[in-house]
1. Are any residues in the stretch 229-243 assigned to a strand (DSSP E or B) and not hydroxyl-bearing (Ser, Thr, Tyr), and if so, which ones?
2. All but one of (1) in contact with a Lys or Arg (Cβ under 7 Å, 6 or more places away or on another chain); (2) not in a helix (DSSP H, G or I) hold for Asn168; which doesn't?
3. Consider Leu274 against the criteria (1) crowded, with 22+ Cβ neighbours inside 10 Å; (2) more than 27 Å from Val163 (Cβ to Cβ): it satisfies all of them except one. Which criterion is unmet?
4. Within the stretch 103-122, can you find the residues that are aliphatic (A, V, I, L, M) and either within 16 Å of ligand 2 (Cβ to nearest atom) or touching a helix residue (DSSP H, G or I) at 6+ places or on another chain (Cβ under 9 Å) (or both)?
5. Could you check Thr103 against (1) away from ligand 1 (no atom under 16 Å from the Cβ); (2) assigned to a strand (DSSP E or B); (3) hydroxyl-bearing (Ser, Thr, Tyr) and say which number it fails?
6. Which members of the stretch 72-102 meet the condition of being among the hydroxyl-bearing types (Ser, Thr, Tyr), touching a residue at least 24 places away in the same chain (Cβ under 8 Å) and either away from ligand 2 (no atom under 13 Å from the Cβ) or surrounded by fewer than 16 Cβ atoms within 10 Å (Cβ to Cβ) (or both)?
7. Within the stretch 27-71, track down each residue that is at positive phi and either touching a residue at least 60 places away in the same chain (Cβ under 8 Å) or more than 9 Å from ligand 1 (Cβ to nearest atom) (or both).
Amino acid sequence: MHQSSEPRLPDHAVRAVRDESASELTDSSPILQVRNVTKDFGGVRAVDRCTLDVMPGTITGLIGPNGAGKTTLFNLAAGDLSPTSGQILFDGRVISGLRPHQTFARGLMRTFQIPRELRRMTVLENLMLVPARQSGERLWLTWLTPWKVARQERQIQARAIDVLELVNLAHLANELAGNLSGGQKKLLELARTLMAQPKMVLLDEPGAGINRTLLRDLSANIVRASVERDVTFFIIEHDMRFVMAMCDPVIVMANGGVIAEGPPTTVQRDPRVLEAYLGGYVNGPA
Ligand SMILES: Nc1ncnc2c1ncn2[C@@H]1O[C@H](COP(=O)(O)OP(=O)(O)OP(=O)(O)O)[C@@H](O)[C@H]1O
Ligand SMILES: [Mg+2]
């Protein structure tokens, strides 16, 4: 086991790769479509006629003041909640109302904290235990042909090591997950998600509670996963440096709806956005 010797792509190179893939995607349809979605909790309207698109291959940011409805929107997309009204489509198919395991099976995933029992297992084992997105009859076959179990296990291990190299955790493959630092645990959470071969990953405040250096590592790994594995990211983050450096476009929510969207520098200067952050936002979304 060795740490990946592959040099990190410099920012401009990453941007060049992303720009190139972006131009190929100009005619493609959104991977995630939120259509006029509302979510009420009793008398509280957490999401209010929200409409937005996320294009495939992007690292799209979602920002907005506290209570804007960002996390609720992710819960709706991932299947943890059902909308009161409106529709969400993933890959062109309606997913609103599906259960989380069903959105997972279609390739839309969010990261989760490492469960307690997995902390007593190694980093590598943590990845090897991630369920396959599509199982089914393959699992049945393994009952009949034990030699296939061994072969499949070797393949899964190779894939796990590959993912660990991608997120720079290969040198810790045999370490117990419980012994990792906070930032390394975040990388492991990301690695577990990537192991399931997602098409799109939802990250809710990945930078919370980790220091700047680790946040930079995490950003670099997200960019690499995006470029090398063709994963679309949709990221809620309060850390503006993180958002400005990685996300394009950036979508801004306030009072449950989208109030602005565009390249990070444009959004940052938008008076509606400044107003929302200053608490001066009173009228509903335009
Ligand atoms: N389960 C719930 N029951 C009742 N109200 C809720 C529930 N979840 C969220 N809300 C309310 O919905 C609104 C939106 O909350 P949400 O957590 O989606 O905001 P957010 O944009 O993620 O905020 P933050 O940046 O603070 O994480 C808030 O007013 C919140 O109190
Ligand atoms: Mg939130």
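Read-outs throughout are calculated quantities, based only on the coordinates presented, and are distinct from any laboratory measurement. Just so you know, these numbers come straight off a predicted model, no measurement behind them. All Cβ positions, even for glycine, are placed from backbone atoms using ideal geometry, and neighbour counts span all protein chains on display.
1. Taking the stretch 229-243 and keeping what is assigned to a strand (DSSP E or B), we get 232-236.
Result: Phe233, Phe234, Ile235, Ile236.
2. The one condition Asn168 does not meet is (1).
3. Exception for Leu274: condition (1).
4. Going residue by residue through the stretch 103-122, those that are aliphatic (A, V, I, L, M) are 105, 108-109, 114, 118, 121.
The answer is Leu108, Met109, Ile114, Leu118, Met121.
5. (2)
6. Thr84, Ser85, Ser96
7. First, pick out the residues of the stretch 27-71 that are at positive phi: 36, 42, 49, 57, 64, 67, 69.
Result: Asn36, Arg49, Gly57, Gly64, Gly69.
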